[in-house]
Amino acid sequence: MVFIGMDHGTTGISFCIMDNDENILDIFKIGREESKNGTVNAIYELEKRIDLKDIDLMAITYAMGDGISKILPIAEVKNRGILSIEGAGKVTGGGTSVYSDLENSKIPAIIIPGLHENSKSLNKLFRAAYSHQASSEKVSISYNAYKETNWKNMIVADISSNSVDILIENEKISGAIDACLGAMGVIHGPLDLKMIREVDEGYKTANECFSHAGAIKIAGIDGKVAHAKKELLDNYKNKDEKAILAIDTLVMTVAMEIAGLIGISEENIEGIVLTGSIGSLKEPFNFEDKINKYFKNKYKIKILSPESGSIGACQIAKDVFKGQKNILGIEVKL
């Protein structure tokens, strides 16, 4: 038995291969640009590692996931499970080509939804407040957090190119705060008044503002997404004042968002789970230490692999294959 999880991330598409005992056999990533121009093919990369006939089920996360609200077989999903690709960060087409390759391969696959106003599993107050709360890989990240900790009530904080924090209560995702609403990531962040004015005055689109509202805005970095994080961390390591201010500001906004979710939770939060390329960092700074400055050891903190999105998708594939009908409150329909 072999299960595959796919995480459609900002900088690339990650795959996890797992056996029936949840042993990770391999994790690999395909760059968006390489996928789009055809220099790398997802099916070929999988075939190099396993016999495709051995795959029992694959779980796929793709973009916003706002066109579906249940976990569905890929054959039942229209338009790749999204309403639109507009206004959601940089679009390269790399993820679309991977999705099409997998769809045409006939590998048994399910699609994981995002969290949005039509997600019946969520707290009605979050659904009323926000049209969109988190893209689909945040569901798989949350499931990996649940499997790793066994906590029924927690906050899952995914900090990387963007930052999204998820509230889980009684083993169910209650709500989340999307990247354009609250905390900064490295690239993306909330639109403040200055940016709204720039949009209204025609200087920038809202998406252009969103894609430069993270820590890079403070650090004065403006380049390709794939290189911006490295430049930010290199500058931080070299004690650049703007980079230090950018990281410290990012941490503060994440802490503020986590504290807000804890504050409105109806349950006692057991701990905070950190993941993502920044949330799991130890060097050149320890993210756990920085965030704990605000929480002062009041909560247990668990660090996940930065590949938790693809790992969690694998775990969802395995459990759905074995008959599970509910994933953190999200209905499975096969």
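The values are calculated or read from the model by the stated rules, or taken from the named source; none is laboratory data. All values reported here derive from a predicted model rather than from experimental measurement. Heads up, the Cβs are rebuilt from the backbone with ideal geometry, glycines too, and the neighbour counts pull from every protein chain shown.
For segment 245-258, does any single residue satisfy the condition of being surrounded by fewer than 17 Cβ atoms within 10 Å (Cβ to Cβ), over 21 Å from the mean Cα position of the chain (by Cα), in the same structural domain as Lys296 (by TED's automatic domain parsing) and not basic (Lys, Arg)?
Yes, segment 245-258 has at least one match.
Collect the residues in segment 284-334 that are farther than 22 Å from Glu267 by Cβ and hydroxyl-bearing (Ser, Thr, Tyr), keeping them in residue-number order.
Listed by number, the residues that qualify are Ser305, Ser308, Ser310.
Limited to segment 263-288, what total is found for residues that are in a helix (DSSP H, G or I), within 22 Å of the chain's Cα centre (by Cα) and surrounded by fewer than 19 Cβ atoms within 10 Å (Cβ to Cβ)? Spell out how you get there, then give the answer.
Taking segment 263-288 and keeping what is in a helix (DSSP H, G or I), we get 263-264, 276-279, 287-288.
Then drop every residue that is not within 22 Å of the chain's Cα centre (by Cα), which leaves 276-279, 287-288.
If we keep only those that are surrounded by fewer than 19 Cβ atoms within 10 Å (Cβ to Cβ) too, we end up with 288.
Going through segment 263-288 one residue at a time, the tally reaches 1.
Where residues in segment 106-143 are more than 12 Å from the chain's Cα centre (by Cα) and among the polar types (S, T, N, Q), which of them is surrounded by the most Cβ atoms within 10 Å (Cβ to Cβ)?
For segment 106-143, the residue satisfying everything is Ser119.
Sort through Asn144, Asn162, Asn150 and tell me the only one that's closer than 20 Å to Ser310 by Cα and without any contact (Cβ under 8 Å) to a residue 24 or more places away in the chain. First the steps, then the outcome.
Working: Asn144 fails: without any contact (Cβ under 8 Å) to a residue 24 or more places away in the chain; Asn162 fails: without any contact (Cβ under 8 Å) to a residue 24 or more places away in the chain.
Checking each option against the conditions leaves just Asn150.
To keep it simple, each residue is scored yes or no on (1) touching a Lys or Arg at 6+ places or on another chain (Cβ under 9 Å); (2) modelled with pLDDT of 95 or more.
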{"position": "Gly114", "(1), (2)": "yes, yes"}
{"position": "Lys120", "(1), (2)": "yes, no"}
{"position": "Arg127", "(1), (2)": "yes, yes"}
{"position": "Asn144", "(1), (2)": "no, yes"}
{"position": "Thr149", "(1), (2)": "yes, yes"}
{"position": "Gly175", "(1), (2)": "yes, yes"}
{"position": "Met184", "(1), (2)": "yes, yes"}
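Kindly indicate whether Gly271 is assigned by TED's automatic domain parsing to the domain that holds Asp178, closer than 30 Å to Met154 by Cα and free of Cβ contacts under 8 Å to residues at least 12 places away in the same chain.
Working: assigned by TED's automatic domain parsing to the domain that holds Asp178: yes; closer than 30 Å to Met154 by Cα: yes; free of Cβ contacts under 8 Å to residues at least 12 places away in the same chain: no.
Criteria not met by Gly271.
Taking segment 302-334, which residues are surrounded by fewer than 23 Cβ atoms within 10 Å (Cβ to Cβ), under 15 Å from Leu57 (Cα atoms) and aliphatic (A, V, I, L, M)?
Once the filter is applied, which keeps residues that are surrounded by fewer than 23 Cβ atoms within 10 Å (Cβ to Cβ), under 15 Å from Leu57 (Cα atoms) and aliphatic (A, V, I, L, M), segment 302-334 yields Val320, Val332, Leu334.
Does Glu148 meet the test of being buried (at least 18 other Cβ atoms within 10 Å of the Cβ) and within 20 Å of Ile13 (Cα to Cα)? Explain how you work it out, then say what you get.
Values: buried (at least 18 other Cβ atoms within 10 Å of the Cβ): yes; within 20 Å of Ile13 (Cα to Cα): no.
Answer is no for this residue.
Take the residues of segment 234-244 that are under 25 Å from the mean Cα position of the chain (by Cα) and in contact (Cβ under 8 Å) with a residue 24 or more places away in the chain: which is farthest from Gly185 (Cα to Cα)?
Per the criteria, the residue is Tyr236.
Name the pairs: first residue in segment 245-267 and closer than 22 Å to Lys282 by Cβ, second residue surrounded by fewer than 16 Cβ atoms within 10 Å (Cβ to Cβ), Cβ to Cβ under 7 Å, at least 6 apart or on different chains?
Ala255/Tyr294
Just the residues that are part of a helix (DSSP H, G or I) and under 15 Å from Ser163 (Cα atoms), please, taken from segment 176-216.
From segment 176-216, those part of a helix (DSSP H, G or I) are 193-200, 206-210, 215-216; that's our starting set.
Across segment 176-216, the qualifying residues are Phe210, Ala215, Ile216.
Taking segment 118-136 on its own, how many of its residues are in a loop (DSSP other than H, G, I, E, B) and under 19 Å from Asn326 (Cα atoms)? Steps first, answer last, please.
So the first thing to find is which residues in segment 118-136 are in a loop (DSSP other than H, G, I, E, B), and the list is 118-123, 130-131, 135-136.
This time we only want the ones that are under 19 Å from Asn326 (Cα atoms), so: 118-123, 135-136.
Here the count works out to 8.
What number goes with the only condition from (1) surrounded by fewer than 22 Cβ atoms within 10 Å (Cβ to Cβ); (2) closer than 21 Å to Leu83 by Cβ; (3) not small (Gly, Ala, Ser); (4) not assigned by TED's automatic domain parsing to the domain that holds Thr61 that Glu171 does not pass?
Answer for Glu171: the failing condition is (2).
Only one of these is touching a helix residue (DSSP H, G or I) at 6+ places or on another chain (Cβ under 6 Å) and closer than 19 Å to Ser135 by Cβ: Ala255, Ala313. Name it.
Working: Ala255 fails: closer than 19 Å to Ser135 by Cβ.
That would be Ala313, the only listed residue that is touching a helix residue (DSSP H, G or I) at 6+ places or on another chain (Cβ under 6 Å) and closer than 19 Å to Ser135 by Cβ.
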